[in-house]
Amino acid sequence: MFKNSLSRCFRGFKFYRSYSNYDGPSFQLTGKRKKVLEAGSKYVIAGGVGYAIADTLEHNRNDRNLGKSVLPLDDVRPPQYCEPKKLSRVIDQIKAVVGNNPENFTQSKAELDSHSDTFFSTHHASPEERPAIVIFPKSTEEVSQIVSICHDNRVPVVPFSGGTSLEGHFLPTRRSGTVVLDLSKYMNKVLKLNKTDLDVEVEAGVPWEDLNEMLGDAGLLFGCDPGPGAQIGGCVANSCSGTNAYRYGTMKENVVNLTVVLPDGTVIKTRKRPRKSSAGYNLNGLFTGNEGTLGIVIRATVKCHVKPKFQTVAVVPFKTIGDAAACSSSFTQQGIHLDAIELLDDNMMKVINSQAATFRNDWKEQPTLFLKIGGRNETIVQELINEVGNIAKAHNSTGFEFAKDDDEKLLLWEARKYALWSVIEAGKSMKGQNANVWTTDVALPISNFARVIMETKKEMNSSPLINATVGHAGDGNFHAFLIYKDDNERKICEDIVANMVRRAIDADGTCTGEHGVGIGKRQYILEELGQEPIDLMRKIKLAIDPHRIMNPDKIFKIDPRDNNDSHH
């Protein structure tokens, strides 16, 4: 409009160069042409002023961002993603990378659905939130090429492996413009066991149970034991832990090195295989727990641990959950080195009995500690048992039983590992097949563990919801399982979870010990850490992923127009 107005103003006029000694006739306008020029001048001035203001604002915005160590959301422009009319051509390019072989990609409704949501996730995708395609790459090179294409064309990418995460981690918020890269189908090999060095090199799609089974034949184990079905890529991305974390550490402590495809397709290896290193930034720490927002973990070298030569499982019930929690804290404070300390409340023990989850169904329906007690010989194990028994008695234990053989040990621990699924089955049998589960976790300093878990359990028991509590009591991490059947009950869930999380934060804890943030806990991590640490994370995110294509909208907001807090 501005250009056209300017042209109309000066159409039909002749202009001469003006020099100081020019004494020809002066240039004058009259009538219609004078009015046209005056009108055009207004457009010129208004357009120039508007452009100058906009340019200054943008320049100032860029200057502010360049000059800051952090990046507030208000200083971020909305991301620009691939236009729908162009997306089909990009998809064709991606298909070509995997040989145009239908075995290597899918656009079937069932697969798009299963790569968008699960029934056990706390936050669910809307019907419109589905990816355009799911790709099954076979190599690091293919992943790199695909991500490079997506980067060049601004196509969002969601990495996927086991699909067992719980807080909406792989929810495709950018809808049909999204590409999912599923590493589980082909990139699932154990590459090399370095037994002398106690580490093993694996691809991202290796299930942790399969890895543990393979290591078991060599007298070793993988230190983390998250939920059934989890795979190594997701274990790294969500910084998993599990029942063994008390003894062997979380995923952060078990990563030796990572091979990662960055958002522009660049492939990096974080370091070699030393047991420790002070060389440069801790890139393992940066990518462990990044939830797929900074890159795609393709391979990992992880630590192995020597299995205890002798181990038993003890079941110790208590009068109250406060007694059980305080007892678990005492083990840690007194330096008792157990292999695992798991807490199951009275409701969970009722579910174990009703669902026949173990070899018997007459366990005391009281808050109970499940303990793994191990050592190099039977004498060490027996001494530990005696110490544990004395501490338990001092905290009002009402029993102390052991697994009689390896089969009983396995069944007892599986009852704990499959607690979530047992609660879901119990909920469906009591509330109907449409019943849903909300499971969440928090972690606390050991000194505050008993108080917070008691207060949370009191609130849950005063609600109309089926509920149970389990915890990795040795490291102050507990989970709440809540069953709801309709929107009214879901609202009760939301309130209980909000109170539970804020109770943990107020007690110097964290909004999540091992589930991660995803979509579900973005507000809580902001409350926990404050604005500046989140702004620093956003600065790192946009430095590595300037187009914001990697698993958009998880952990914190990257778009000022984001309204993803409303997912149900």
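The values are calculated or read from the model by the stated rules, or taken from the named source; none is laboratory data. None of the values given here were measured: they were computed from a predicted structure. Cβ sites come from the backbone with ideal geometry, for glycine too, and all protein chains shown count toward neighbours. Each accessible area value is taken on the protein alone, full model and side chains, heavy atoms only, with ligands, DNA and RNA left out. Shrake-Rupley method; radii C 1.70, N 1.55, O 1.52, S 1.80 Å.
For this structure, a couple of remarks:
- The one condition in (1) within 25 Å of residue 506 (Cα to Cα); (2) surrounded by fewer than 22 Cβ atoms within 10 Å (Cβ to Cβ) that residue 474 fails to fulfil: (2)
- The residues listed here are 135, 149; of these, the one that is among the β-branched types (Val, Ile, Thr), in contact with a helix residue (DSSP H, G or I) (Cβ under 7 Å, 6 or more places away or on another chain) and crowded, with 20+ Cβ neighbours inside 10 Å is 135.
- Options 498, 543, 504; residue that is of a type in the set (Gly, Ala, Ser), open to solvent by 60 Å² or more (accessible area, probe 1.4 Å) and more than 16 Å from residue 169 (Cβ to Cβ): 543
- Selection count, region 539-563, where residues are under 16 Å from the mean Cα position of the chain (by Cα) and either on the phi > 0 side of the Ramachandran plot or not assigned by the TED database to the domain that holds residue 179 (or both): 3
- Hey, residue 168 surrounded by fewer than 23 Cβ atoms within 10 Å (Cβ to Cβ) and not assigned by the TED database to the domain that holds residue 440 or not: no
- Just one of the listed residues (411, 420) is in a helix (DSSP H, G or I), open to solvent by 40 Å² or more (accessible area, probe 1.4 Å) and in contact with a Ser or Thr (Cβ under 7 Å, 6 or more places away or on another chain), namely 411.
- Matching strands (runs of 3 or more DSSP E) fully within region 247-330 where at least 3 residues are of a type outside the set (A, V, I, L, M, F, W, C): 296-306, 310-317
- Some residue of region 325-336 being free of Cβ contacts under 8 Å to residues at least 24 places away in the same chain and closer than 30 Å to residue 480 by Cβ: yes
- In summary, strands (runs of 3 or more DSSP E) completely within region 172-218 and bearing 2 or more residues that are open to solvent by less than 20 Å² (accessible area, probe 1.4 Å) and over 18 Å from residue 237 (Cβ atoms) occur at 199-203.
- The listed residue being modelled with pLDDT under 95, more than 26 Å from residue 226 (Cβ to Cβ) and assigned by the TED database to the domain that holds residue 477, out of 377, 353, 390, 396: 377
- Inspection of region 344-351 identifies no residue that is open to solvent by 20 Å² or more (accessible area, probe 1.4 Å), more than 22 Å from residue 421 (Cα to Cα) and of a type in the set (Lys, Arg).
- Output for region 364-381, where each listed residue is assigned to a helix (DSSP H, G or I) and either surrounded by fewer than 14 Cβ atoms within 10 Å (Cβ to Cβ) or within 36 Å of the chain's Cα centre (by Cα) (or both): 378, 379
- Just one of the listed residues (249, 229, 219, 233) is free of Cβ contacts under 8 Å to residues at least 40 places away in the same chain and not assigned by the TED database to the domain that holds residue 169, namely 249.
- Checking 386, 361 one by one, the residue that is in a helix (DSSP H, G or I) and of a type outside the set (Val, Ile, Thr) is 386 and no other.
- Test: residue in region 96-111 that is at negative phi, open to solvent by less than 40 Å² (accessible area, probe 1.4 Å) and over 26 Å from the mean Cα position of the chain (by Cα): yes
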